[in-house]
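Chemist: Input: one structure, supplied below.
The values are calculated or read from the model by the stated rules, or taken from the named source; none is laboratory data. On a predicted model such as this, the values are computed, not experimentally measured, just so you know. Ideal geometry is used to build each Cβ from the backbone, glycine not excepted, and the neighbour counts take in all protein chains shown.
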Amino acid sequence: MDERWAFIDRYLKKQSQSGLLRTLKPLSAVDNGSRVQIGRKWLLNLASNDYLGLRNDPRLRAAAAKAADRWGVGSGASRLISGTTDLHERVEHELARFHSTESALTFSSGYAAGVGVISALVGRGDRIYLDRLCHACLYDGARASGAQLNRYQHNDPDHLEDLLKKDSSRRGRALVVTDTVFSMDGDRAPVADIAALCRKYSALFLADEAHAVGVLGPAGRGLAAEGGLDEKDVLVMGTLGKAFGVSGAYIAGPGKIRDYLINACRSFIYTTAPSPPLLAAIQASLGIISQSDRLRARLLQMAGRFRKTLQNLGIETLKSTTQIVPAVMGDVERALVFAENLIRQGVFAPAVRPPTVPEGTSRVRFSLTAALTDDYFEFLLSAVARALKKM
């Protein structure tokens with residue numbers, strides 16, 4: 001064995017022995033968003049973030065195909081070289097109008113947006129304050145920025161204020177960052193309280209609406225809109241790969257922020273532009289989302305009933321109030337067994353283990369979707385009860 005690569009063998013062995021080795025599960029097929037085929041078996045899909053069931057919507061597929069006929073399937077270059085099309089500009093204008101902001105700027109992925117925007121807004125000599133349960137891309141952006149990283153207790157504005165007050169006399173910029181819906185717990189951030197603290201202590205505020213936009217707030221515009229915040233209060237980051245059913249991300253805010261990021265954000269400058277077919281699908285999705293109040297209401301109603309079912313079966317669901325419902329198992333092995341039992345019962349939902357979640361809180365994460373029919377939802381409730389009984 002070549003010793004240069006021995007560290008890889010040691011790492012993989014350690015991960016396997018601890019039950020933390022990740023593997024890929026290739027899908028053989030998908031239907032309208034509620035089921036996936038793994039091998040030859042069809043399973044209810046409770047693993048996807050396609051919250052409104054739009055990934056396979058015929059209106060999105062038709063829009064993407066039409067754009068591919070006109071523009072081709074790729075952008076050819078970064079936005080600043082030759083990758084910007086009229087379609088990019090139109091979609092960004094519509095995203096800005098959706099959020100009632102002056103402007104919006106699209107990115108190739110949520111990770112690229114999180115890392116790039118944070119490291120463009122703050123740097124050495126500045127300070128950044130993140131909720132302890134923020135998404136990994138936000139932490140990676142904070143570390144890449146070189147700013148002093150401060151973590152505040154989860155959803156605790158009082159602790160955040162203690163940190164901001166202690167540092168209030170220091171020079172440099174301050175940036176507060178939070179998810180508005182937390183991807184593993186399914187709970188909501190106190191967005192309005194955080195915005196008030198940012199005004200009080202002259203801090204910038206970046207809210208990652210990845211799991212909220214399309215699902216929560218007026219017309220699906222997220223929790224910043226629900227809290228009555230405007231672009232002076234908060235810079236909104238949204239994803240296009242979840243409720244929108246496509247892929248990519250965006251920032252919505254004042255026009256000068258867009259101009260600044262075009263010039264200062266490395267993950268925007270040095271990456272190929274989102275493709276025209278994706279943009280056309282995003283544009284179609286945006287029109288659907290704005291008119292989907294009934295879908296949103298049904299989704300949240302299902303989530304509430306599902307949480308109650310788990311709780312009645314003795315399962316901890318933390319403080320979830322959204323379409324993301326964790327079933328906390330505690331140790332790694334128990335979470336893995338539950339996920340395998342679910343597959344045997346016809347349900348695909350992933351076991352989530354450290355380091356994605358804290359030690360001792362391994363869980364199966366259920367992402368409900370409006371694509372579930374009433375019959376499929378009833379099947380889900382009974383399948384979960386059977387899977388737990390077999391444990």
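Chemist: Can you find a residue that is within 28 Å of Thr369 (Cα to Cα), basic (Lys, Arg) and part of a loop (DSSP other than H, G, I, E, B) anywhere in the range 113-136?
Modeler: Among the residues of the range 113-136, at least one is within 28 Å of Thr369 (Cα to Cα), basic (Lys, Arg) and part of a loop (DSSP other than H, G, I, E, B), which makes the answer yes.
Chemist: Being within 21 Å of Ala243 (Cβ to Cβ) and out of contact with any helix residue (DSSP H, G or I) (no Cβ under 7 Å at 6 or more places or on another chain) is the requirement here; does Arg334 meet it?
Modeler: Taking the combined requirement at face value, the residue does not satisfy it.
Chemist: Here are Gly146, Gly228, Gly253: which of them is surrounded by 22 or more Cβ atoms within 10 Å (Cβ to Cβ) and outside the structural domain of Leu318 (by TED's automatic domain parsing)?
Modeler: Being surrounded by 22 or more Cβ atoms within 10 Å (Cβ to Cβ) and outside the structural domain of Leu318 (by TED's automatic domain parsing) holds for just one of Gly146, Gly228, Gly253, which is Gly253.
Chemist: Considering each residue of the range 328-367, count those that are aliphatic (A, V, I, L, M), closer than 25 Å to Ser34 by Cα, surrounded by fewer than 24 Cβ atoms within 10 Å (Cβ to Cβ) and under 19 Å from the mean Cα position of the chain (by Cα), and give that number.
Modeler: Counting residues in the range 328-367 that are aliphatic (A, V, I, L, M), closer than 25 Å to Ser34 by Cα, surrounded by fewer than 24 Cβ atoms within 10 Å (Cβ to Cβ) and under 19 Å from the mean Cα position of the chain (by Cα) gives 2.
Chemist: Could you tell me which residue of the range 175-215 is farthest from Pro254 (Cα to Cα), considering only residues that are hydroxyl-bearing (Ser, Thr, Tyr) and either without any contact (Cβ under 8 Å) to a residue 12 or more places away in the chain or surrounded by fewer than 20 Cβ atoms within 10 Å (Cβ to Cβ) (or both)?
Modeler: In this case the residue turns out to be Tyr201.
Chemist: Out of the residues in the range 270-283 that are surrounded by 24 or more Cβ atoms within 10 Å (Cβ to Cβ) and under 20 Å from the mean Cα position of the chain (by Cα), state the one that is nearest to Ser108 (Cα to Cα).
Modeler: Of everything passing the filter in the range 270-283, Pro274 is nearest to Ser108 (Cα to Cα).
Chemist: Further, regarding this structure: Could you check Asn49 against (1) assigned to a helix (DSSP H, G or I); (2) within 21 Å of Val213 (Cα to Cα) and say which number it fails?
Modeler: Looking at each condition in turn, Asn49 falls short on (1).
Chemist: Can you name every one of the helices (runs of 4 or more DSSP H) wholly within the range 270-364 that holds 2 or more residues which are closer than 23 Å to Glu378 by Cβ and either touching a residue at least 60 places away in the same chain (Cβ under 8 Å) or not assigned by TED's automatic domain parsing to the domain that holds Ser183 (or both)?
Modeler: Helices (runs of 4 or more DSSP H) meeting the threshold: 293-312, 332-344.
Chemist: Among the numbered criteria (1) more than 18 Å from the chain's Cα centre (by Cα); (2) at pLDDT 95 or above; (3) of a type outside the set (D, E, K, R), which single criterion is violated by Gln323?
Modeler: In the conditions (1) more than 18 Å from the chain's Cα centre (by Cα); (2) at pLDDT 95 or above; (3) of a type outside the set (D, E, K, R), Gln323 misses (1) alone.
Chemist: May I pose another question? Here is a list: Glu226, Glu161. Which entry is under 19 Å from Ser290 (Cα atoms) and touching a helix residue (DSSP H, G or I) at 6+ places or on another chain (Cβ under 7 Å)?
Modeler: Of the residues listed, the single one that is under 19 Å from Ser290 (Cα atoms) and touching a helix residue (DSSP H, G or I) at 6+ places or on another chain (Cβ under 7 Å) is Glu226.
Chemist: Could you check Arg40 against (1) under 13 Å from Pro276 (Cβ atoms); (2) free of Cβ contacts under 8 Å to residues at least 40 places away in the same chain and say which number it fails?
Modeler: (1)
Chemist: A further question on this structure: Starting from the range 60-71, take each residue that is surrounded by fewer than 16 Cβ atoms within 10 Å (Cβ to Cβ) and list its partners that are hydrophobic (A, V, I, L, M, F, W, C), counting only C-beta distances under 7 angstrom and pairs at least six apart or across chains.
Modeler: Lys66/Ala280
Chemist: Let me ask you something else. Where residues in the range 82-112 are outside any helix (DSSP H, G or I) and of a type outside the set (Ser, Thr, Tyr), which of them is farthest from Leu261 (Cα to Cα)?
Modeler: Glu102
Chemist: Kindly provide the set of residues from the range 156-215 that are among the polar types (S, T, N, Q) and closer than 24 Å to Gly123 by Cα, ordered by number.
Modeler: Ser168, Ser169, Thr178, Thr180, Ser202
Chemist: Give me the residue from the range 173-232 that is polar (S, T, N, Q) and in a loop (DSSP other than H, G, I, E, B) and, out of that set, farthest from Met329 (Cα to Cα).
Modeler: This residue is Ser202.
Residues checked against (1) more than 24 Å from the chain's Cα centre (by Cα); (2) within 27 Å of Leu318 (Cα to Cα); (3) at pLDDT below 95:
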position: His99; (1), (2), (3): no, no, no
position: Ser103; (1), (2), (3): no, no, no
position: Gly116; (1), (2), (3): no, no, no
position: Arg132; (1), (2), (3): no, yes, no
position: Ala144; (1), (2), (3): no, no, no
position: Leu149; (1), (2), (3): no, yes, no
position: Asp158; (1), (2), (3): yes, yes, no
position: Asp162; (1), (2), (3): yes, yes, no
position: Lys166; (1), (2), (3): yes, no, no
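Chemist: Same structure again: Kindly list the number of the only condition in (1) assigned to a loop (DSSP other than H, G, I, E, B); (2) in contact with a helix residue (DSSP H, G or I) (Cβ under 6 Å, 6 or more places away or on another chain) that fails for Ala63.
Modeler: If we test Ala63 against (1) assigned to a loop (DSSP other than H, G, I, E, B); (2) in contact with a helix residue (DSSP H, G or I) (Cβ under 6 Å, 6 or more places away or on another chain), just (1) comes out false.
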